[in-house]
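The values are calculated or read from the model by the stated rules, or taken from the named source; none is laboratory data. Just so we're clear, the structure is a prediction, and the values are computed from it rather than from any experiment. Neighbour counts are summed over all protein chains in view; Cβ atoms, including those assigned to glycine, are modelled from backbone coordinates with ideal geometry.
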Amino acid sequence: MANFFQQVVSGLASGGIYGALALALVLIHRATGVINFAQGEMATFSTYILWTLTQNHGWPYWPALAFTLAVSFAGGFGVHQVVVRPVERGSVLRVVIVTIGLLLLLNGAMTWIWSGEVRSVHSPFPTRTIDVGGVAISIQDLGTIGVSIGVVILLGLFFRFTKVGLALRAAATNPAEARLVGVRVPLMLGVGWGLATMLGAIAGALTAPTVFLDPNMMQAVLIYAFAAAVLGGIDSPVGAVVGGLLLGVALNLLGTYIDFVGADLRLPAALAVILAVLLFRPAGLFGQRVVRRV
Amino acid sequence: MTALLELEGVEARYGQVRALRGITLEVGEGEIVAVLGANGAGKTTTLRAVSGTVRRSGAIRLAGRALGGGPEAVAKAGIAHVPEGRGTFAELTVTENLRLGAYTRRGKIDTDVERMAAWFPWLTERGDQQAGTLSGGEQQMLALARALMSRPKLLMLDEPSLGLAPLVVREIFRIVRELNEQEGLAVLVVEQDARIALAVAERAYVLEVGEVAVAGTSADLRENESVRRSYLGY
C-alpha cells in the first residue's frame, strides 16, 4: 500500500509537469488556434538558459530562474511577433508548419550552441524524503506538485481578475470585437505566447533535475502534454492541468503494476489515451461546447 | 451646432468593389443622426470606415481632429461602435463584457456599472451569466451598455433592430433617446427600419450605391416623396 501511495505522489509530480506544458499548449491554442509543436523545444531552450546561468555564470538558482522566465516571456512574445504573426491570417496549416520549422530550428540551435552532450540541472528542492503516515515521499515531488498547481492558480487569477487577463481572453475568443473596444489584439496574442513560453520554462526547469538536459529532453514530455491537453479538452486551462495530473498518475500506476507496460510502453499508452479521447469524447473532459443563442 | 464627427469625400472598397463613393456627412454635438438605405447601399461600411475596420480614404474628423489608425485608436479617441449582429463577447460573462467596454479608460468603473444597472436593471442579477446565453434583445442591450461603459463622445449603432421583436426595438430606441436627452450623447445610427429611425433621429442621410442621395431633417425626409415610397412604404 505504501508503494501505491508513493507511486501516486510521483505520478502527480510528473503529471504536474505534463499539466504545465499542456497549459502552455492550451494558451497558444486559444490565442492562435493552433497546436504549437515547438512548445517542447522552446521549453528545453529556456532550461538551457537556466543551466548556463547557474553552471557557467555562477548565478544562484532563484535569480537565475526569474531571469530565465523573463527571457522566456520575451522570447515567446518575439516568436509570435516575428514568425507567427505574418502567417496567422492564412490557413491553420501554415502556422502549424511554421511551428514545426521552429522545432527543427531550435533543436539544431541548441545542439550548435550547447552541443548534444547531456547536462545535469540541479533541483531547487532537496532530494530527501519525508515520512507521511508511513509513506516516504520525496520533497522534490511535493515541490513539483506545489509549483505546478501554484502556477495554475496564479494564471487563473490573472485571467479572471486583471484587465490584461480579460483583454487576452477577449482577443483570443473574438478578435474583431476586441479591437472595437480598444484592445490591441496582436500585442495580446504576443503576451499569450510569452506566458505560454514561461510556463514551458517552468515545466523544463521541473523536468531537468529528474532526467538529463539535452536538446531532446522535452520531446516525450510534449507527447504527454498533448495527451493531457486532449484529455482535459484542448481549450480548457483547468482541463489541461487535471488531464496532466490524471495522466501522470495513470501512467505511473500502469507502469508499476502492469508488468508488460513497464517503463517502455508509457509513451504508447499516452498515445492510446489521445486516440481514445478523440474517438469517444472529442471535446475532452472539460471541453465546453460554446453556447450561443441567436 | 458644432460638428462632432465630419466625413468628407470618404471612399472605401472591399477588394475591387467600391462600397463608398465619396460620402460627406456630419453629426453635431448631442445630435442623433440616422443613415438609411437599402441593402448594399454602404450604411454599414460608413460606420466601418469611421471605426477603421475597412480601408478608407478621404477626411474623417472627430471634434475637428483627423481620425486615423485602426479600430483600437478610434475606440480610444472616444467612438463606441456597436456592430451589426449583437456586438458581445459570447463566451465571457455579462460583467466581463461591461469591464471590456471600459477597456480604454483608466481608473475605477464601479460607478459606470451602477449607471448601466440603472438603465438596464436586469444586468446586475445576470452578471455572471455567459453573454452568449442571453436572448437576442438582451444581447443587443448588453452591447449598448458595453459601448456606453467607455463614456463615448459618439455612439455608433449598426442595425440595432435586426431580428428583434418590435417591443424590444422600441425599448432600445427609447433608451438611446433618453441617453441623448439626459446626457447629450451623440449617436450615429444605421437602420433598415426607416420609420423608427426617423422617429428618433433629428436628421438623416439616405444612401444609394455608396453615395448620399438625400439628406435632411427627419421631418423633411418623412415628407419626401421618394423616401416615403422606397423606405417608409406608403
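Against the conditions (1) more than 14 Å from chain A (Cβ to nearest Cβ); (2) part of a strand (DSSP E or B); (3) touching a residue at least 40 places away in the same chain (Cβ under 8 Å); (4) buried (at least 16 other Cβ atoms within 10 Å of the Cβ), B:Glu26 satisfies every one except (3). Please indicate, with yes or no, whether at least one residue in the range B:94-105 is of a type in the set (Val, Ile, Thr), crowded, with 16+ Cβ neighbours inside 10 Å and more than 18 Å from B:Ala186 (Cβ to Cβ). Checked the range B:94-105: at least one residue is of a type in the set (Val, Ile, Thr), crowded, with 16+ Cβ neighbours inside 10 Å and more than 18 Å from B:Ala186 (Cβ to Cβ). One residue is enough: does the range A:77-88 have a residue meeting the conditions among the acidic types (Asp, Glu) and at pLDDT 95 or above? Taking every residue of the range A:77-88 in turn, none turns out to be among the acidic types (Asp, Glu) and at pLDDT 95 or above.
Comparison of B:Gly58, B:Gly85, B:Gly101 shows that the only residue that is in contact with a strand residue (DSSP E or B) (Cβ under 9 Å, 6 or more places away or on another chain) and away from every other protein chain (no Cβ under 13 Å) is B:Gly58.
From the list A:Ala43, A:Ala13, the one residue that fits, being modelled with pLDDT under 95 and part of a helix (DSSP H, G or I), is A:Ala13.
For the condition surrounded by fewer than 21 Cβ atoms within 10 Å (Cβ to Cβ) and not in a helix (DSSP H, G or I), A:Gly262 qualifies.
With the condition kept exactly as written, say whether any residue in the range B:193-213 is within 14 Å of chain A (Cβ to nearest Cβ), acidic (Asp, Glu) and more than 18 Å from B:Thr24 (Cα to Cα). There is no residue in the range B:193-213 that is within 14 Å of chain A (Cβ to nearest Cβ), acidic (Asp, Glu) and more than 18 Å from B:Thr24 (Cα to Cα). Which residue is surrounded by the most Cβ atoms within 10 Å (Cβ to Cβ), if the candidates are limited to the range B:109-141 and must be among the acidic types (Asp, Glu) and within 13 Å of another protein chain (Cβ to nearest Cβ)? Looking at residues that are among the acidic types (Asp, Glu) and within 13 Å of another protein chain (Cβ to nearest Cβ), I get B:Glu138. For the range A:206-251, the set of residues classified as touching a His at 6+ places or on another chain (Cβ under 9 Å) and within 18 Å of A:Met110 (Cα to Cα) consists of A:Ala208 only. A count restricted to the range A:119-141 and to residues that are loosely packed, with under 11 Cβ neighbours inside 10 Å and not in a strand (DSSP E or B) stands at 4.
Checking each residue in the range B:61-82 for being more than 9 Å from chain A (Cβ to nearest Cβ), part of a helix (DSSP H, G or I) and of a type in the set (D, E, K, R) picks out no residue at all. Among the residues in the range A:174-196, are any under 18 Å from the mean Cα position of the chain (by Cα), aliphatic (A, V, I, L, M) and more than 30 Å from B:Leu142 (Cβ to Cβ)? Yes, there is a match, as at least one residue in the range A:174-196 is under 18 Å from the mean Cα position of the chain (by Cα), aliphatic (A, V, I, L, M) and more than 30 Å from B:Leu142 (Cβ to Cβ). For the range B:79-92, enumerate the residues that are surrounded by fewer than 19 Cβ atoms within 10 Å (Cβ to Cβ) and either charged (D, E, K, R) or at pLDDT 95 or above (or both). Matches in the range B:79-92: B:Glu84 only.
Only one of the listed residues (A:Leu222, A:Leu155, A:Leu168, A:Leu199) is crowded, with 17+ Cβ neighbours inside 10 Å, within 14 Å of chain B (Cβ to nearest Cβ) and either modelled with pLDDT under 95 or under 30 Å from A:Val121 (Cβ atoms) (or both). That residue is A:Leu168.
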